[in-house]
């Protein structure tokens with residue numbers, strides 16, 4: 001799967017991102033965030049703090065929400081990586097639909113991470129209580145302060161899920 | 001909006017006219033000259049004027065001259081146009097304006113976004129733009145049908161005649177372009193509004209939920225490198241010497257160059273640039289601020305506060321009133337430096353060529369950046385092009401008086417002669433200065449024997465954000481920076497003797513406007529102190545304020561509305577306290593009532609905030625509500641957590657671990673009540689911030705009897721003994 005390190009410690013790695021295969025040539029300790037953004041050009045995943053404090057960089061690894069800014073790319077090899085661009089084919093994941101219905105984003109910068117975190121929550125717990133939402137979402141910072149709408153939209157997303165879930 | 005990154009779009013901008021082609025009629029003569037000269041008639045797009053372009057497929061492109069940083073202008077500005085243009089809302093697209101005098105703020109005379117003024121700036125202009133374009137389309141249809149234009153009207157992207165003929169805007173654009181500019185178009189009476197006043201869905205929400213929204217950090221150019229700059233550890237420091245060898249040895253690092261702001265490490269990507277930067281060996285000349293500490297400054301400020309400053313407002317004789325009062329209350333308040341901490345750290349992409357400089361960034365300050373970039377590049381301003389991307393938050397930071405994040409990137413591009421993206425890490429951003437100033441206030445109030453307030457003296461000590469900037473002459477009145485005293489000097493309360501004075505210090509920490517500017521601190525001081533006076537007078541804090549507002553009806557109305565909606569007169573459970581605050585800023589009147597509890601450990605939880613706002617005519621009510629929610633969180637974050645401190649000249653905070661943000665589990669329930677009004681629209685982005693700190697502090701007092709006079713609120717002081 002992987003070739004030997006070259007003289008610059010670069011490694012050829014195969015990644016599965018949004019159900020597509022990519023080959024990248026990077027240093028294996030590079031955070032997944034920068035590989036996604038710079039090598040693959042998927043800029044929906046954001047840099048916010050670099051030390052896993054804000055959640056703007058949240059992606060799914062095998063369905064689990066992780067902070068890509070602190071995940072070495074080598075840890076993602078052989079796993080299904082999902083970014084905001086791949087959460088749904090056309091932006092109609094229940095969480096995305098609820099975010100639009102409830103007019104959640106303001107500047108919008110943190111919301112890829114918010115949505116990915118919320119989607120992982122709902123995958124595990126399709127009907128979260130307010131306390132469940134507190135637990136899952138309180139490590140995702142929104143400087144614009146959209147928290148009230150995030151909470152409302154997650155509840156709305158559970159209804160959309162119950163109404164029939166993913167459109168596609 | 002997300003087209004900015006698309007290369008075909010970029011090429012189009014390069015080869016097309018300044019607004020992308022089409023015949024430009026010009027909304028006014030200077031605009032026609034500025035934009036019309038370069039414009040041909042390309043691609044069937046018809047530029048009605050600098051702000052509206054209609055293409056033959058009916059797409060209406062609105063050119064937004066204010067930056068979208070979350071406040072919703074990429075929706076509210078199109079709403080102003082659409083109200084009069086009678087176009088199909090589903091066919092509206094928004095793109096950011098290039099830098100051109102045609103796009104100047106109607107009051108400032110430069111292009112920029114701030115002061116909560118975007119809607120106010122465009123309220124008349126963009127409705128007139130829409131009406132003018134509509135009249136030309138109607139005239140074109142009437143001419144086609146050879147009927148009187150009075151027999152035609154526009155609706156939903158079409159012109160319809162009284163005999164039932166109909167043509168779409170797309171079909172009419174070519175002809176409309178040749179119609180004479182109508183004079184004196186009449187704008188609708190507010191009673192006829194169909195778009196304005198509706199909670200229209202934001203146009204930028206879908207792209208902000210699917211990863212397609214393009215912020216400055218997301219711009220990539222072919223052959224672009226990424227640079228991080230190691231800046232001096234102390235403000236005003238300089239590189240004395242440096243060794244680039246270890247940094248250069250890091251795989252992926254391409255260049256290490258000295259630039260005026262420090263040492264730039266240029267690499268193939270962020271990660272090698274950051275590893276390379278850590279490997280730098282630099283000896284700094286720390287300069288004159290190496291011993292600066294906020295603890296020391298605090299003592300200096302406190303001693304100055306006991307002396308008279310430059311007078312900002314003097315009515316009656318406050319000193320005499322204080323001497324003759326039945327009782328005098330005297331308090332000291334203090335607030336720290338605050339960082340803007342936008343979620344998207346600062347960044348800027350520059351493509352510098354021998355005869356051109358193209359810039360992509362999220363900026364609030366196009367005109368200033370444009371000329372500063374030209375100067376840094378050694379080019380003429382007309383050779384510089386700025387593409388304004390979406391802003392991942394602004395809060396004032398992206399309108400920098402020195403255009404620091406733009407100029408520094410141009411300097412790196414100049415040094416390496418390649419397209420470059422300069423990224424500020426979170427740490428760079430937080431330590432990078434341009435903070436809300438630290439303030440110290442001495443405030444005294446005089447009460448007569450009946451508990452009436454007869455005098456107030458407020459002395460303000462802190463750095464001026466205007467001193468030494470290009471705005472000094474406009475913003476300093478008789479030596480007083482109006483932004484230092486705003487929110488105190490203009491108190492609405494009927495007080496016979498008032499004195500507000502100011503000490504402005506020169507300190508080597510760069511300071512700047514921060515969402516709500518001077519109001520962010522003065523509202524805390526004045527509204528907390530009004531509560532102190534009410535308590536001393538034995539009066540209800542709400543009634544005490546209300547009794548002083550007989551000549552301030554809009555203030556009084558929001559105060560009453562907030563009190564009513566919060567059930568001010570209804571007792572709370574004993575573990576809860578309630579506080580009220582009232583403040584006008586950026587033309588808007590806001591009252592907030594906060595309900596809080598305090599844990600045995602002293603942690604404050606805000607459960608509910610009722611917010612009443614009068615911001616004049618409302619364009620998009622849901623946006624107003626969203627901005628109130630946002631302002632409350634911003635102000636609450638500062639009240640509970642925010643502090644930038646310095647020791648040995650070094651900023652002690654670096655990231656969200658030591659400069660924390662309010663989290664979802666701490667979010668109060670916020671209820672926003674908007675006063676119906678036909679007054680001109682006033683600010684929305686900032687005015688929600690100032691009242692929350694005093695409302696919370698007053699609620700804490702009501703609950704615990706402990707008065708908060710220093711922010712951020714200290715849990716230690718509230719801890720049960």
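Checked against (1) in contact with a strand residue (DSSP E or B) (Cβ under 7 Å, 6 or more places away or on another chain); (2) more than 14 Å from chain A (Cβ to nearest Cβ); (3) not in a loop (DSSP other than H, G, I, E, B), residue B:693 passes all but a single condition, namely (1). Every condition in (1) within 14 Å of chain A (Cβ to nearest Cβ); (2) buried (at least 18 other Cβ atoms within 10 Å of the Cβ) holds for residue B:235 except the one numbered (1). Candidates in segment B:553-590 are the residues that are over 27 Å from the mean Cα position of the chain (by Cα) and in a helix (DSSP H, G or I); of these, the one that is surrounded by the most Cβ atoms within 10 Å (Cβ to Cβ) is B:563. Just one of the listed residues (B:180, B:190) is at pLDDT below 95, surrounded by fewer than 14 Cβ atoms within 10 Å (Cβ to Cβ) and either under 25 Å from the mean Cα position of the chain (by Cα) or away from chain A (no Cβ under 12 Å) (or both), namely B:180.
Restricting B:251, B:272, B:222, B:233 to those that are within 29 Å of the chain's Cα centre (by Cα) and in the same structural domain as residue B:414 (by TED's automatic domain parsing) reduces the list to B:233. Evaluation of residue B:633 against the conditions (1) part of a helix (DSSP H, G or I); (2) more than 18 Å from residue B:697 (Cα to Cα); (3) facing another protein chain (nearest Cβ under 9 Å) shows that the sole unmet condition is (2). If the condition is being away from every other protein chain (no Cβ under 13 Å) and either more than 30 Å from residue B:125 (Cα to Cα) or modelled with pLDDT under 95 (or both), then segment B:660-677 contributes no residue at all. With respect to (1) out of contact with any helix residue (DSSP H, G or I) (no Cβ under 7 Å at 6 or more places or on another chain); (2) touching a residue at least 60 places away in the same chain (Cβ under 8 Å); (3) more than 7 Å from chain B (Cβ to nearest Cβ); (4) buried (at least 24 other Cβ atoms within 10 Å of the Cβ), the lone exception for residue A:54 is condition (3). If we scan segment A:120-128, do we find a residue that is touching a residue at least 24 places away in the same chain (Cβ under 8 Å), at the interface with chain B (Cβ under 9 Å from one of its Cβ atoms) and in contact with a strand residue (DSSP E or B) (Cβ under 9 Å, 6 or more places away or on another chain)? Scanning segment A:120-128 turns up no residue that is touching a residue at least 24 places away in the same chain (Cβ under 8 Å), at the interface with chain B (Cβ under 9 Å from one of its Cβ atoms) and in contact with a strand residue (DSSP E or B) (Cβ under 9 Å, 6 or more places away or on another chain). All of B:703, B:662 fail the test of being farther than 30 Å from residue B:107 by Cα and crowded, with 24+ Cβ neighbours inside 10 Å, apart from B:662.
When segment A:57-86 is examined, which residues are found to be assigned to a loop (DSSP other than H, G, I, E, B), surrounded by fewer than 24 Cβ atoms within 10 Å (Cβ to Cβ) and under 12 Å from the mean Cα position of the chain (by Cα)?
A:62, A:63
For segment B:396-417, a tally of residues being within 21 Å of residue A:48 (Cβ to Cβ), part of a helix (DSSP H, G or I) and in contact with a helix residue (DSSP H, G or I) (Cβ under 8 Å, 6 or more places away or on another chain) returns 0.
Within segment B:406-433, the set of residues being under 19 Å from the mean Cα position of the chain (by Cα) and either closer than 21 Å to residue B:278 by Cα or surrounded by fewer than 24 Cβ atoms within 10 Å (Cβ to Cβ) (or both) comprises B:429, B:430, B:432, B:433. Taking the criterion of being over 30 Å from residue B:454 (Cβ atoms), within 14 Å of chain A (Cβ to nearest Cβ), in contact with a strand residue (DSSP E or B) (Cβ under 9 Å, 6 or more places away or on another chain) and part of a loop (DSSP other than H, G, I, E, B), would at least one residue in segment B:282-300 satisfy it? Checking segment B:282-300: not a single residue is over 30 Å from residue B:454 (Cβ atoms), within 14 Å of chain A (Cβ to nearest Cβ), in contact with a strand residue (DSSP E or B) (Cβ under 9 Å, 6 or more places away or on another chain) and part of a loop (DSSP other than H, G, I, E, B).
Among the residues that make up segment B:88-103, is at least one of them free of Cβ contacts under 8 Å to residues at least 24 places away in the same chain, over 24 Å from residue A:105 (Cβ atoms) and away from every other protein chain (no Cβ under 14 Å)? So far as segment B:88-103 goes, no, none of its residues is free of Cβ contacts under 8 Å to residues at least 24 places away in the same chain, over 24 Å from residue A:105 (Cβ atoms) and away from every other protein chain (no Cβ under 14 Å). I'm checking my understanding of the structure. Among residues of segment A:35-51 that are within 28 Å of residue B:658 (Cβ to Cβ) and buried (at least 24 other Cβ atoms within 10 Å of the Cβ), which one is farthest from the other protein chains (Cβ to nearest Cβ)? The qualifying residue farthest from the other protein chains (Cβ to nearest Cβ) is A:36.
Give B:603, B:540 a once-over and let me know the one that is surrounded by fewer than 22 Cβ atoms within 10 Å (Cβ to Cβ) and either under 23 Å from residue B:450 (Cβ atoms) or within 14 Å of chain A (Cβ to nearest Cβ) (or both). One residue alone meets the criteria, B:540. Restricting attention to segment B:342-353, the residues that are surrounded by fewer than 24 Cβ atoms within 10 Å (Cβ to Cβ) and either in contact (Cβ under 8 Å) with a residue 60 or more places away in the chain or under 30 Å from residue B:633 (Cβ atoms) (or both) add up to 1. Of the residues making up segment A:99-113, those that are part of a helix (DSSP H, G or I) and either more than 9 Å from every other protein chain (Cβ to nearest Cβ) or under 19 Å from residue B:75 (Cβ atoms) (or both) number 5.
Residues being facing another protein chain (nearest Cβ under 10 Å), closer than 27 Å to residue B:341 by Cα, in a loop (DSSP other than H, G, I, E, B) and in contact with a helix residue (DSSP H, G or I) (Cβ under 7 Å, 6 or more places away or on another chain) are entirely absent from segment A:148-161.
Tallying residues that are in a loop (DSSP other than H, G, I, E, B), more than 13 Å from chain A (Cβ to nearest Cβ), crowded, with 17+ Cβ neighbours inside 10 Å and touching a helix residue (DSSP H, G or I) at 6+ places or on another chain (Cβ under 6 Å) within segment B:238-281 yields 3. Note on segment B:672-688: residues that are farther than 13 Å from residue B:590 by Cα and more than 21 Å from the chain's Cα centre (by Cα) total 4.
Looking at segment B:637-659, which of the residues that are in contact with a strand residue (DSSP E or B) (Cβ under 6 Å, 6 or more places away or on another chain) and either assigned to a loop (DSSP other than H, G, I, E, B) or within 10 Å of chain A (Cβ to nearest Cβ) (or both) is surrounded by the fewest Cβ atoms within 10 Å (Cβ to Cβ)? For segment B:637-659, the residue satisfying everything is B:653.
Within segment B:167-183, residues that are closer than 15 Å to residue B:157 by Cα and in the same structural domain as residue B:142 (by TED's automatic domain parsing) reach partners that are part of a loop (DSSP other than H, G, I, E, B) and modelled with pLDDT of 95 or more with beta carbons closer than 7 Å, at six or more positions or on different chains, in the pairs B:168/B:157; B:169/B:87; B:169/B:157. In segment B:379-395, the count of residues that are more than 30 Å from residue B:329 (Cβ to Cβ), part of a helix (DSSP H, G or I) and in contact with a helix residue (DSSP H, G or I) (Cβ under 8 Å, 6 or more places away or on another chain) is one or more.
The values are calculated or read from the model by the stated rules, or taken from the named source; none is laboratory data. Values in this document were obtained by computation on a predicted structure and should not be read as measured data. Cβ atoms come from the backbone with ideal geometry, glycine included; neighbour counts cover every protein chain shown.
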